[in-house]
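Report on the following structure.
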Amino acid sequence: MKNLLYIVLYTWSLLCRADGLPDLGDTSQEAMSPQQERQIGVQSMFEIRSDKDYLDDAEINDYLNQIGYQLVANSNEPGQEFEFFAINDNSINAFALPGGFIGVNTGLILMSQSESELASVLGHEIAHVTQHHLARMVAGQKVDSITAIAALAVAILAARSNPQASQAAMVGMQASSIQRQLNFTRTHEKEADRIGLTTLQKAGFDPYAMPIFFERLQKSTRLLDNNAPSYLRTHPVTSDRIADVANRVQQIPYRLVADSLNFQLVRAKLRAMQKNTQEAVNFFQSALGEQKYGNQTAKRYGLAMALLRSGQVARATQEFAPLETLTSRNPMIATLAGQIRRASKNNDGIVAFYRSTTQSFPQHRALVYDYAELLMETKRFEDALKLLNEQIMTHPNDLRLHELLARNYAALGKRQKEHHMLAYTYILRGNLHSAIEQLELAKKSGTDFHELSIIESELKQFKEIAAAHAKNN
């Protein structure tokens with residue numbers, strides 16, 4: 001747990017250190033250090049993760065990080081730390097926060113007609129981060145603490161998805177004038193296009209997808225009149241921009257780039273999750289019946305998931321049957337296979353199935369979560385403990401893993417460890433006060449003196465950070 005504790009203490013100590021900030025009221029100070037940018041992003045993410053629209057889905061977020069890091073590795077700052085995440089919102093939008101945090105609305109994923117189109121938006125947002133566009137604009141505002149800047153950044157996001165919310169979200173900050181100052185300039189947009197296009201090509205995606213996606217966005221503006229997609233309000237797609245990108249791609253030899261199966265599966269999963277269950281079932285039944293367009297595997301996957309979600313377990317099992325041979329080759333399909341088996345109460349060999357699939361796909365977190373749940377349901381608590389501790393070594397800031405581990409300790413009657421683990425879940429949510437409460441309970445709940453010394457040390461440090469945080473706010 002040392003790695004997690006280091007992350008937690010380091011992050012909170014930075015957030016509380018006001019004297020490490022630039023004088024943000026000084027208009028001559030137009031830049032922040034990478035460390036300061038990351039602080040703003042971390043603080044902003046505490047707010048975003050607590051919002052109901054944050055999509056806490058490991059498969060979708062892992063997919064976004066997979067293609068995101070494929071782009072980052074080919075960007076002009078491959079060592080920059082990034083985190084890509086989804087927002088459960090049907091509007092077409094994507095946004096970047098300082099420090100490498102990039103959000104993507106589910107509506108944009110569904111509108112993208114190819115994986116390269118989605119990658120073109122991510123490449124553009126990555127360029128905004130690596131060129132420090134938003135950080136430079138935020139640094140020009142008269143705000144004097146990381147907490148205030150992060151609140152401003154979150155308010156900007158609220159304004160982007162809902163213009164009417166901007167006045168309420170940025171009370172006391174001259175909302176409308178700040179919003180105008182923080183909209184990306186044409187110069188920023190063209191620079192992000194140029195750098196994003198180069199990144200897109202180097203990462204192996206189709207660069208022709210960028211102007212195609214922009215053109216479709218521009219057409220949607222005309223169709224929707226004044227109700228333009230959120231993305232267009234902050235990333236104006238002009239004919240000049242489209243022409244500039246189109247001219248650049250004409251210099252690049254065309255080659256066909258196929259979509260990955262996971263791109264199609266993620267889109268199918270979103271459709272199965274977002275629609276009314278019967279509408280989703282009808283959608284996929286109709287799509288499978290046509291057998292003309294789209295990926296048939298993804299359509300069947302979506303139908304099985306929609307049927308499972310609607311409680312039609314027997315039909316889900318029947319529709320999923322043709323995909324059984326793919327469970328050893330694709331982790332998303334393997335995860336759905338396990339979920340259908342558990343829902344059908346088909347326990348014959350199910351533990352062996354999860355043991356095998358998690359060995360094949362050890363980094364697929366959704367599969368690990370389900371396996372841990374199964375082990376606890378079947379009272380294999382020591383096996384669950386071993387699995388979760390191994391995973392936390394790889395993913396030290398994974399909130400769900402810590403929640404599962406706390407539940408497992410509770411089932412074992414290990415109250416000291418349960419409260420200790422719950423303290424970590426609260427700190428990862430940005431709730432320092434509740435984390436301290438859990439550490440106090442852990443201190444009173446057990447007799448493991450080695451762990452008690454760790455708890456007392458953490459409690460002292462957390463209280464010092466809380467006092468510093470209160471002083472600076």
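Data for the structure
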{"item": "Among (1) within 23 Å of the chain's Cα centre (by Cα); (2) buried (at least 20 other Cβ atoms within 10 Å of the Cβ); (3) closer than 30 Å to Leu307 by Cβ - the single one Leu375 does not satisfy", "result": "(1)"}
{"item": "Pairs with Cβ under 7 Å, 6+ apart, first in the stretch 431-460 and in a helix (DSSP H, G or I), second at pLDDT below 90 and β-branched (Val, Ile, Thr)", "result": "Leu432/Ile465; Ala435/Ile427"}
{"item": "Of all residues making up the stretch 293-309, the number that are modelled with pLDDT under 95 and either of a type in the set (Phe, Trp, Tyr) or over 16 Å from Phe263 (Cβ atoms) (or both)", "result": "1"}
{"item": "Qualifying positions in the stretch 87-125 - farther than 22 Å from Asp56 by Cβ, surrounded by fewer than 24 Cβ atoms within 10 Å (Cβ to Cβ) and of a type in the set (Gly, Ala, Ser)", "result": "Ser114"}
{"item": "Tabulated pairs, the stretch 374-395, first small (Gly, Ala, Ser), second in a helix (DSSP H, G or I), C-beta under 7 angstrom, 6+ apart or interchain", "result": "Ala384/Ala372; Ala384/Leu375; Ala384/Met376; Ala384/Asn408"}
{"item": "Filter result for Thr394 (surrounded by fewer than 19 Cβ atoms within 10 Å (Cβ to Cβ), of a type in the set (Ser, Thr, Tyr) and modelled with pLDDT under 95)", "result": "yes"}
{"item": "Candidate set from the stretch 24-37 (those that are touching a helix residue (DSSP H, G or I) at 6+ places or on another chain (Cβ under 8 Å) and surrounded by 12 or more Cβ atoms within 10 Å (Cβ to Cβ)); member that is modelled with the highest pLDDT", "result": "Glu37"}
{"item": "Leading residue by the ranking (nearest to Ser434 (Cα to Cα)) among those in the stretch 448-462 that are among the charged types (D, E, K, R) and surrounded by 14 or more Cβ atoms within 10 Å (Cβ to Cβ)", "result": "Glu458"}
{"item": "Residue check, Ser114 closer than 27 Å to Ala334 by Cβ and among the hydroxyl-bearing types (Ser, Thr, Tyr)", "result": "yes"}
{"item": "Scope the stretch 267-292; condition in a helix (DSSP H, G or I) and either at pLDDT below 90 or aliphatic (A, V, I, L, M) (or both); matching residues", "result": "Ala268, Leu270, Ala272, Met273, Gln274, Ala280, Val281, Ala287, Leu288, Gly289, Glu290"}
{"item": "Those residues of the stretch 110-146 which are among the small types (Gly, Ala, Ser), part of a helix (DSSP H, G or I) and either within 18 Å of His188 (Cα to Cα) or at pLDDT below 95 (or both), in sequence order", "result": "Ser120, Gly123, Ala127, Ala135, Ala139"}
{"item": "Residue in the stretch 63-70 that is over 18 Å from Asp259 (Cβ atoms) and either β-branched (Val, Ile, Thr) or surrounded by 19 or more Cβ atoms within 10 Å (Cβ to Cβ) (or both) present", "result": "no"}
{"item": "Residue list for the stretch 324-339, restricted to those being surrounded by fewer than 20 Cβ atoms within 10 Å (Cβ to Cβ) and among the aliphatic types (A, V, I, L, M)", "result": "Leu326"}
{"item": "Candidate set from the stretch 293-318 (those that are outside any helix (DSSP H, G or I) and over 18 Å from Leu270 (Cβ atoms)); member that is nearest to the chain's Cα centre (by Cα)", "result": "Gly311"}
{"item": "From Gly79, Gly107, Gly103, residue being out of contact with any helix residue (DSSP H, G or I) (no Cβ under 6 Å at 6 or more places or on another chain) and in a strand (DSSP E or B)", "result": "Gly103"}
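The values are calculated or read from the model by the stated rules, or taken from the named source; none is laboratory data. Just so you know, these numbers come straight off a predicted model, no measurement behind them. So basically every Cβ, Gly included, is an ideal-geometry build from the backbone, and we count neighbours across all protein chains shown.
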